[in-house]
Amino acid sequence: MVIKNKIVVPLKNDSYDVIISPGIINKIGNELKKIGFKKNKKILIVSNKEISDLYSKKLIKNLKENNLDARICHIKAGEANKNLTTLNAIYKEAFDHGLDRNSTLIALGGGIVGDITGLAAATWLRGIEYIQVPTTLLSMVDSSVGGKTAVNHPKGKNLIGAFHQPKAVFVDPETLKTLPKRELIAGMAEVIKYGVIKDKMLFEFLENDHNRDKIMKLDNEYLIKIIKDSIRTKANIVSDDEKEKGIRAILNYGHSFGHVIENLCGYGKYLHGEAISMGMKIAGDIAVEKGLWLKDYSLRQDNLIKSYGLPTKTPKIKKDKVLNILMGDKKVRNGKMRFILPIGIGNVDIYEDVEDSLFLKYFD
Ligand code: GLY
């Protein structure tokens with residue numbers, strides 16, 4: 001449900017709001033007061049140093065002005081640090097700051113900070129509240145909404161985690177002005193994903209040259225539109241299937257192959273959005289070969305991906321390793337690999353009958 005720039009994520013228990021508003025990052029304390037945060041509540045903000053240097057001073061000042069007892073905990077950025085060691089470091093800070101069952105964590109940063117802070121909140125004292133303040137496009141449109149929290153295991157990405165919904169999400173498009181261009185572009189991969197899986201109008205909006213120019217020049221009106229459209233789709237899907245028993249899996253379009261690429265090339269070589277762009281290309285081609293998708297649609301998808309500066313060509317990876325990683329993926333059910341394949345623009349379905357040869361040919 002959308003009210004201006006507020007999207008409600010409607011859940012059986014504990015529905016929450018996502019508020020999208022330029023400048024909101026400096027008013028989080030006021031927002032928390034509005035949703036019932038009481039005086040002296042203890043808050044631990046988790047962030048990486050680069051993001052913290054930009055935003056935490058004003059954030060803490062505003063929290064303190066609202067009588068909230070806030071402190072910052074720095075973690076190292078990067079997928080390679082999204083692990084149990086970093087999670088432990090957050091627990092130590094939580095203990096030192098005296099976080100109790102009424103305390104709150106704030107995730108200030110991108111998807112890695114959000115996922116790991118969410119898992120810390122899901123597990124500290126058997127679960128406390130947390131707030132998402134995403135500062136990358138990717139975390140705004142995807143990972144900050146929906147309650148998936150996780151850290152990586154050497155055997156695979158996000159293998160250790162929990163479903164734990166945030167109490168609220170505050171999205172400030174102004175923060176994209178400090179985001180490195182490569183990361184902004186990587187975030188566009190998730191926006192394109194929403195176009196392909198559910199939103200033909202968004203797909204067509206993204207194809208338009210004028211709109212692309214405005215988005216890439218960080219025009220707030222255009223950013224808010226694509227963020228809002230993306231989150232609206234995500235909120236609807238999460239509301240239908242919070243714990244990914246079925247339909248939520250479509251949010252993983254392009255992700256099975258994307259995870260293989262991230263894992264086998266070494267986390268950090270490709271950004272998540274770059275890897276899923278290549279994954280969407282493979283999924284699109286498979287769908288064409290299976291007669292599910294028109295060749296014209298796959299060309300439009302490829303052109304759209306490329307027009308935002310994202311890659312479609314899979315790097316050199318050995319075939320034998322690919323199957324191993326795919327079988328270890330969380331999307332495997334009862335030993336069967338499941339693939340999200342497009343059947344229209346704005347429409348995908350889940351398939352189990354994809355022969356290995358159809359995708360192994362993309363690898364060496
Ligand atoms: N990023 C996929 C999901 O939240 O389900």
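The values are calculated or read from the model by the stated rules, or taken from the named source; none is laboratory data. On a predicted model such as this, the values are computed, not experimentally measured, just so you know. We place every Cβ from the backbone using ideal geometry, glycine too, and count neighbours over all the protein chains shown. For the accessible areas, the whole protein counts, side chains as well, though only heavy atoms, and no ligand, DNA or RNA atoms are used. Shrake-Rupley method; radii C 1.70, N 1.55, O 1.52, S 1.80 Å.
Taken over the alpha carbons of region 1-125 as equal point scatterers, the Debye sum produces base-10 log I(q)/I(0) values at 0.10 Å⁻¹ of -0.32. Residues in region 96-207 average 31 Å² of solvent-accessible surface per residue, probe 1.4 Å, ligands and nucleic acids excluded. Between 0 and 90 degrees, the angle of helix 295-307 with respect to the longest Cα principal axis of the chain falls at about 40 degrees. Each peptide in 300-307, 339-346 was scored by the mean count of other Cβ atoms within 10 Å over its residues; highest first, the order is 339-346, 300-307. Taken over the chain, the convex hull of the Cα atoms encloses 121 Å³ per residue. Under 12 Å of direct C-alpha separation, and excluding same-chain neighbours fewer than eight residues apart, Lys269 reaches these aspartates and glutamates: Glu79. Would you give the gap between the C-alpha center of region 65-106 and the C-alpha center of region 156-232, rounded to a whole Å? If you average the Cα positions of each part, the centres end up 26 Å apart. Where the alpha-carbon atoms of region 7-56 are placed on the principal axes, they occupy 37, 26, 18 Å, in descending order. Each principal axis of the Cα atoms in region 259-364 has its own extent, and those three values, largest first, are 32, 32, 22 angstrom. Counting charges near Gln165 (Lys, Arg +1; Asp, Glu -1) among other residues having Cβ under 10 Å from its Cβ returns a value of -1. Using just its DSSP H runs of length 4 or more, each adding -39500 (n - 2.57), the chain gives a mean residue ellipticity at 222 nm of -14000 deg cm²/dmol after division by all residues. Extension gain for Asn220-Phe163 works out to 17.4 nm (0.36 nm per residue, less the C-alpha to C-alpha distance). DSSP beta bridges confined to the chain are antiparallel in about 45 percent of cases. Cross-link check: pairs Lys228/Lys318; Lys245/Lys290; Lys49/Lys316; Lys6/Lys295 evaluated at a Cα-Cα cut-off of 30 Å; pairs beyond the cut-off: Lys228/Lys318; Lys49/Lys316; Lys6/Lys295.
When the listed pairs Lys41/Lys157; Lys34/Lys177; Lys57/Lys243; Lys57/Lys92; Lys181/Lys225 are checked against a 25 Å cut-off, the alpha-carbon distance exceeds it for Lys41/Lys157; Lys34/Lys177; Lys57/Lys243. Summing Cβ point charges (Lys, Arg +1; Asp, Glu -1) relative to the Cα centre of the chain gives a dipole of roughly 880 debye. Protection proxy ranking for 118-127, 239-248, 354-363, using the average of other Cβ atoms within 10 Å per residue and placing the highest first: 118-127, 354-363, 239-248. Working value for region 208-322: equivalent-ellipsoid semi-axes of 24, 20, 17 Å, each the square root of 5 times a Cα gyration tensor eigenvalue, largest first.
The protection proxy used here, the mean number of other Cβ atoms lying within 10 Å of each residue, ranks peptides 11-24, 130-143 as follows, highest first: 130-143, 11-24. Apolar share of the accessible surface for the chain: 51 percent from carbon plus sulfur atoms, 1.4 Å probe. Computed from Cα atoms alone, the Kirkwood hydrodynamic radius reported for region 87-211 is 15.6 Å. Taking all Cα pairs closer than 8 Å and separated by 6 or more residues, the relative contact order of the chain comes to 15 percent.
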